[in-house]
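Okay, so here's the structure we're looking at.
The values are calculated or read from the model by the stated rules, or taken from the named source; none is laboratory data. Here the structure is a predicted model, which is why all the values come from computation and not from measurement. Because the Cβ atoms are built from the backbone with ideal geometry, glycine has one as well, and the counts that use them run over all protein chains shown. Keep in mind that these areas ignore ligands, DNA and RNA; they rest on the heavy atoms of the full protein, side chains included. Shrake-Rupley method; radii C 1.70, N 1.55, O 1.52, S 1.80 Å.
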Amino acid sequence: MSRHSPRLVYDDDCGFCTWSAEYADAHGDFELVGFSELTPDQRARLPSEYEQCAHLLTDDRVYSCGEATEEVLAQLDSPERSAVALFRLLPDSTRARIREHIYRWAADRRAWWGKFRSR
């Protein structure tokens, strides 16, 4: 069975999102796919409102929003990996609640974050 690098799907119209995806790629093994570059097969694997957040497509799964971010951070060769390892000591339901709340808070402020980090 063929294994591909995970595909990090992100909003390529967003400077902060692009910077974040490029950071992940520089510190991990990902194929970057902007929303504007999605193939029909990739789009079919995503939730219907896929443009609301980032996604990580693996051969076996689709991770979305905060779950995608957690999985990406866990795969980085950077200090974020250690933080995620500690975060993963929390019970799954607690982790999901925290993760999604933080993801939505940050995503809703993408323009502001883009003032500091953008591509």
Subtracting the Cα-Cα distance from 0.36 nm times the residue separation, let me have the gained length for L89 to A74 in nm, one decimal. 4.1 nm
Quote the FRET efficiency, to the nearest 0.05, computed for K115 versus E49 with a Förster distance R0 of 30 Å and r equal to the Cβ-Cβ distance. 0.70
Give the ranking of F116, F30 by solvent-accessible surface, highest area first, calculated with a 1.4 Å probe. F116, F30
Heavy atoms only, probe 1.4 Å: what % of the accessible area of the chain goes to carbon and sulfur, would you let me know? 52 percent
Sort D77, D12 by accessible area with a 1.4 Å probe, largest first. D77, D12
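Apply 1/(1 + (r/R0)^6) to the Cβ-Cβ distance of A26 and R3, taking R0 = 30 Å, and write down the FRET efficiency to the nearest 0.05. Don't skip to the end; give the middle numbers.
Values: r = 21 Å, r/R0 = 0.71.
The calculated FRET efficiency here is 0.90.
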Might you work out the accessible area of S93 for me, using a 1.4 Å probe with all protein chains in place, and round it to the nearest 10 Å²? 80 Å²
On average over all directions, what projected area in square nanometres does segment 1-53 have, based on the convex hull of its Cα atoms? 4.1 nm²
Can you tell me the accessible area per residue over the chain, all protein chains present, probe 1.4 angstrom, in square angstrom? 63 Å²
With every protein chain in place, what's the accessible area of E37 (1.4 Å probe, Å², nearest 10)? 110 Å²
Rolling a 1.4 angstrom probe over the protein chains, ignoring ligands and nucleic acids, what is the accessible area of H101 in square angstrom, nearest 10? 130 Å²
Per-residue ellipticity at 222 nm for the chain, helices alone: DSSP H runs ≥ 4 residues times -39500 (n - 2.57), over residue total, nearest 500 deg cm²/dmol? -14000 deg cm²/dmol
